[in-house]
Amino acid sequence: MSEGVEWALHSCVNLAWSGDRAVPAARLAAWHDLPAAYLNKQLQALARAGIVTSTPGPRGGFRLARPLEAISLMDVVTAVEGAEEAFRCAEIRRQGPGAGAPAAYTADCAIAHAMTRAELAWRRALAAQNLDEIRQQAERQAPQAPERLRAWLAAQ
């Protein structure tokens, strides 16, 4: 999973903390000292997925398109990484000197089967957790974080 997923998740929580203001990608990036152009790509992916909205112009920026409780971690992962499966079996068991006759392969590859089960469990776990739960945990760990962000945004 790319670092863009982490950045997108933090950006969503930061947008929730920022209130109803539109926050430019450069400001969101500056808050965590990230490259603005790369974060902007992640935010555009979130916008295409309907997780955030984008307003152009000098007073533009990004806002959440829906409440955090309506955004799962899987929504963000899929927006940034795509919906393709993480593991793709290339059926290498059918290649090289270890390969058997084509008729020997009547069952799915055991490795592909195990990886598919693991990925399904991973996807279900991400889909079961929403960003509001993450926000609440972050606020328990750093109660001053929302106000610090709002004050920092207001100072600019």
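Simple spin-label estimate for ILE92 and ALA49 gives 2.9 nm between the two label positions (7 Å along the Cα-to-Cβ direction from each Cα).
Extension gain, ALA36 to GLN141, is 35.2 nm, computed as 0.36 nm per intervening residue step minus the present C-alpha separation. For segment 23-156, the per residue solvent-accessible surface stands at 63 Å², with DNA, RNA and ligands left out and a 1.4 Å probe. Here the 3J(HN,Hα) profile of segment 16-22, calculated from phi with Karplus coefficients 6.51, -1.76 and 1.60 at θ = phi - 60°, is 5, 5, 6, x, 8, 7, 7 Hz, Gly and Pro shown as x. Simple rule: put +1 on each Lys or Arg Cβ and -1 on each Asp or Glu Cβ in the chain, find the dipole, and look at PHE62, ALA8, PRO35; the Cα lying farthest toward the positive end is PHE62. Going through segment 1-106, which GluC sites (Glu not before Pro) have at most 14 other Cβ atoms within 10 Å and a DSSP loop state? Listed in order of number, the matching sites are GLU84, GLU85, GLU91.
Evaluated at q = 0.12, 0.16 Å⁻¹, the base-10 log of the normalised Debye intensity for segment 50-156, with identical point scatterers placed on the Cα atoms, takes the values -0.66, -0.91. For segment 38-119, chymotrypsin sites (Phe, Trp or Tyr not before Pro) meeting the loop criterion (DSSP other than H, G, I, E, B) and having at most 16 other Cβ atoms within 10 Å: PHE87, TYR105. Relative contact order, whole percent, for the chain stands at 30, derived from Cα pairs under 8 Å and 6 or more residues apart. The dipole here belongs to segment 1-123: it is taken about the Cα centre, uses +1 on the Cβ of Lys and Arg and -1 on the Cβ of Asp and Glu, and is about 300 debye. Under a Gaussian network description of the chain, with springs only between Cα atoms under 10 Å, the residue in LEU64, LEU15, LEU34 that fluctuates furthest is LEU34. Between amide H atoms placed 1.01 Å from N, distances below 5 Å from ALA65 occur with VAL52, THR53, all of them 5 or more places distant or on a separate chain.
Rounded to a whole number, what % of the accessible area of segment 77-138 do carbon and sulfur atoms account for, probe 1.4 Å? Solvent-exposed carbon and sulfur of segment 77-138 make up 58 percent of the total.
The values are calculated or read from the model by the stated rules, or taken from the named source; none is laboratory data. Note that the structure is predicted; figures quoted are calculated from it, not measured. When we count neighbours, we look across all protein chains shown, and the Cβ atoms used for this are built from the backbone with ideal geometry, even at glycine. Each accessible area value is taken on the protein alone, full model and side chains, heavy atoms only, with ligands, DNA and RNA left out. Shrake-Rupley method; radii C 1.70, N 1.55, O 1.52, S 1.80 Å.
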